[in-house]
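The values are calculated or read from the model by the stated rules, or taken from the named source; none is laboratory data. Keep in mind it's a predicted model, so treat the numbers as computed, not measured. Please note: Cβ atoms are built from the backbone with ideal geometry, for glycine as well, and neighbour counts cover all protein chains shown.
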Amino acid sequence: MKHQAIEQLQGVAEVKQDLPRRTLSRKERLQRWAELLERDPHRRLSTLHETEYQPARVRAAMRGDGSPISVAFEDPVLRTAGMENDSYGEARRFFELNDEQLHKVICYCHFGATVSASTAARHIRAMLVEKQPGLFARLRQMFVG
């Protein structure tokens, strides 16, 4: 995908910047991301190196061509919904993830230099499943209320 400034595009096409943003819930955004990845499940996507060891500012700016995050950013639906770029920090903000969750999808330490799109999608879908309370939490709820 070739990126061009709006001024460059206006010379070739009519550019409308006042389109309303479509509001998607967190669940819808994550589902959409997983669906995009599942379109080409065997595609190898780049990972980000040692995200857990980077200072927050550096980690937020990390990005990689052909990463699971860039797959999401290439989607016009997610961009219209407010995804602004394909950086780690933007994915964290837009998909409402914490560092541990995003780390499981994108970090080199789990997969090496690349991760299959299907594996990334599986990790994203796992975030959609609500955790059930454990046995002790259920027993406590039964007896204590």
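Of all residues in region 35-74, exactly one satisfies the criterion of being within 16 Å of the chain's Cα centre (by Cα) and aromatic (Phe, Trp, Tyr), namely PHE73.
In summary, helices (runs of 4 or more DSSP H) completely within region 18-116 and bearing 2 or more residues that are aromatic (Phe, Trp, Tyr) occur at 88-94, 108-111.
Of the residues screened, GLN54 is not one that is more than 15 Å from SER87 (Cβ to Cβ) and either modelled with pLDDT under 95 or not charged (D, E, K, R) (or both).
Whenever a residue of region 44-65 is under 19 Å from GLY112 (Cβ atoms), it has no partner that is of a type in the set (Lys, Arg) and exposed (fewer than 13 other Cβ atoms within 10 Å of the Cβ) lying with C-beta atoms less than 8 angstrom away and at least six residues away or across chains. Can you confirm whether GLN141 is touching a Pro at 6+ places or on another chain (Cβ under 8 Å) and either part of a loop (DSSP other than H, G, I, E, B) or of a type outside the set (Phe, Trp, Tyr) (or both)? Yes: the conditions hold for GLN141. Between ILE124, ILE69, the distinction of being in contact with a Phe, Trp or Tyr (Cβ under 6 Å, 6 or more places away or on another chain), surrounded by 19 or more Cβ atoms within 10 Å (Cβ to Cβ) and modelled with pLDDT of 95 or more belongs to ILE124 only.
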